[in-house]
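Scroll down for the structure; my scribbles are underneath it.
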Amino acid sequence: MTTSLYLYGSIALSAYFIWSIFRRFRGFAGLQNIPGPPCHSILTGNMSAFFDPDGWEFQKELEENYGQVVKIYGPLGTPQLFVFDSAALHSILVGDADAYEEPPAYSSLYGLLWGPGFFSSVGADHHRYRKIAMPAFATGKIRQMIPFFYEVAERARDGLMSPFLADGRKTLDLNNILNRTSLEIIGRAGIGYSFDSMRPEDTSEDRYAVTLKEVLPTVFKMALFIPLLPYLTKIGSSAFRRAVVGIIPWKTLHTAKNIVDDMHNAALKLILSKKAAVAQGQLDTRDDSKDIMSLLLKGNLTADEDMSLSDEELVGQTGMIISAATDTTSSALDRMFHILSLHPEMQERLRTEITESPEHMDYEQLGSLPYLDAFVHEILRVYPPVTPVMHRETLKDTILPLSKPLNGVNGEAITSIAVPKGTTVYIAISGANHNRNVWGDDALEFKPERWDHGKASTQNEKICGIYGNMMTFIGGERSCIGFQFSLLEMKVILSVFLRRFKFSPAKDGPVQWKMPGIIALPSVDGKVQLPLMVENMKE
Ligand code: HEM
């Protein structure tokens, strides 16, 4: 009797499983006519090549060989779309944005790591987070943060670089220096906190800073389980799940739990002390009242009850803002100094422009240096730091419009694509930034000269990106809220460092760019680093 129950149960489960797969694939049949590379593996599709840390070639193949929408294969050969057609991107991010959402696996992951906030929310909640935070990121507020940027950049110059250049020149790891500088800037200007990351030796004992560095490496060790998170996080209560995690004999899982607890406690402590200061009216008179979190807290106090954020939500926002700000900006800065070290003529032109300008510039002055502005634009266009995993999932069947017909596999022109519910859609940031239909035939060339007052001379098609007609900070309701902060921060660091130091390639090398996760990073001999020869021009 028991055996038959097991047998019937297994047959029913298998039938359900096969039916689910069949139903899924029948839904995706309409995508078969979209051109793309062959499926590399029945189990992993094209995912190994797509997410390979050296996957640049595969991405380039997708950008160059098929069309502006490319079909690739996900796990178990499920069709997915890699999109850089400008009309299609507009539809995904703006026009038909309600039909697309952050995949549940990633919102669950971010929710577990940081709590409720931008990256773990969708729909009305996400809209609420954005509405409360927006005023703190307004141009008028960000321009007041420029003195913080100078203060930290100069401390990096005097603490992390000059002391090592007593003999005039030395090889320094710019990745380490720029990462610590970005962290301290978001600490000071973002949350009014010092991570203590400006000491000459990397001896920061700050628990918050140490924990932040451990987050992504720990998560990537558990990457295989990310797709299961939406299901696992629904089992029992949070206390029950924590108890289960406690008894599972897996060190990485325990490390992850400790990291999450440490980040949560540090952010909560900060929020509570700031809330107390705001309530006592102290914060307005203190210098750090200009930081994003203080502004957000003050906005929160006056917000309608249904809009205001709870302490847990403020904790979530804090972690997410720090993590969104640090590695992205330092990756872009890494790329800038690497490119400048390889192109002395660009470096010299930039230095001349900077040294002819005031040592401390305000918002208008920083925006008025034409070559600095053009260089920053072109780096962010050609080498976007976040790539290639910006993705969305369709919440319902929908139609993707195209700006230019695609040649279907059957040879017929495709003018729009019927995309079934549950399809993974990649926003191909670099594909859009390198698209010849937008940037002209020299799209792949690094040419700061193409920019004039924030406009590129060769473009003839519009992209819905929030900045410079590019996709680097994407566009629409989930676009980067901190792009102005980041642009000013980068310009200040470039001007402080270039005024004093000269950068050239080090003997160690060559520097290779990898994509170990969401963000591009420089690496030498398999280690994340950017060794550059730095010369102190003042000595
Ligand atoms: C070069 C530097 C940066 C790049 C390339 C960048 C890029 C991006 C991208 C592509 C997104 C969209 C993520 C998604 O849709 O899942 C995003 C979102 C976000 N970024 Fe940035 N970012 C940068 C710097 C910053 C800085 C400095 C801050 C804060 C001070 C920041 C705060 C955020 C936040 C809070 C979001 C979430 C917005 C939302 O969901 O509504 N970012 N960023």
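Annotation: residue 306 fulfils all but one of (1) assigned to a helix (DSSP H, G or I); (2) away from the ligand (no atom under 16 Å from the Cβ); (3) acidic (Asp, Glu); (4) closer than 29 Å to residue 132 by Cβ; the unmet one is (1). In region 30-49, what residues are touching a residue at least 24 places away in the same chain (Cβ under 8 Å) and assigned to a loop (DSSP other than H, G, I, E, B)? Across region 30-49, the qualifying residues are 34, 35, 36, 37, 39, 40, 42, 43, 44, 45, 46.
Only one residue in 447, 421, 455 is among the basic types (Lys, Arg), away from the ligand (no atom under 13 Å from the Cβ) and under 21 Å from residue 339 (Cα atoms). Which one?
Numbers: 421 fails: under 21 Å from residue 339 (Cα atoms); 455 fails: under 21 Å from residue 339 (Cα atoms).
Answer to the check: 447.
Checked across region 383-403, the condition of being open to solvent by 30 Å² or more (accessible area, probe 1.4 Å), free of Cβ contacts under 8 Å to residues at least 40 places away in the same chain, under 19 Å from residue 65 (Cβ atoms) and more than 16 Å from the ligand (Cβ to nearest atom) holds for no residue. Specify the residue that is most open to solvent (accessible area, probe 1.4 Å); the eligible residues are those in region 462-474 that are within 12 Å of the ligand (Cβ to nearest atom) and among the aliphatic types (A, V, I, L, M). Among them, the one singled out is 466. Only residues that are more than 27 Å from residue 33 (Cα to Cα) and under 19 Å from the mean Cα position of the chain (by Cα) were counted in region 68-125, giving 19.
For region 445-452, state whether one or more residues are open to solvent by 20 Å² or more (accessible area, probe 1.4 Å), of a type in the set (Asp, Glu), modelled with pLDDT of 95 or more and in a loop (DSSP other than H, G, I, E, B). Yes, the conditions are met somewhere in region 445-452. Whether any residue in region 315-331 is in contact with an Asp or Glu (Cβ under 9 Å, 6 or more places away or on another chain), within 16 Å of the ligand (Cβ to nearest atom) and within 20 Å of residue 466 (Cβ to Cβ) is what I want to check. The answer is yes; a qualifying residue exists.
Just one of the listed residues (477, 489) is at pLDDT below 95, assigned to a helix (DSSP H, G or I) and either within 16 Å of the ligand (Cβ to nearest atom) or under 15 Å from the mean Cα position of the chain (by Cα) (or both), namely 477. Taken over region 190-209, the criterion of being open to solvent by less than 50 Å² (accessible area, probe 1.4 Å) and either over 25 Å from residue 483 (Cα atoms) or modelled with pLDDT of 90 or more (or both) is satisfied by 204, 206. Considering only helices (runs of 4 or more DSSP H) fully contained in region 335-384, which possess at least 3 residues that are closer than 20 Å to residue 143 by Cβ? So the answer is 363-367, 370-382.
Within the option set 257, 213, 221, 269, being open to solvent by 80 Å² or more (accessible area, probe 1.4 Å), modelled with pLDDT of 85 or more and of a type outside the set (A, V, I, L, M, F, W, C) holds for one residue only, 269.
The values are calculated or read from the model by the stated rules, or taken from the named source; none is laboratory data. Source: prediction; values computed, not measured. Cβ coordinates were reconstructed from backbone atoms using ideal geometry, including for glycine residues, and neighbour counts include every protein chain displayed. Side chains included, ligands, DNA and RNA excluded: accessible areas come from the protein's heavy atoms. Shrake-Rupley method; radii C 1.70, N 1.55, O 1.52, S 1.80 Å.
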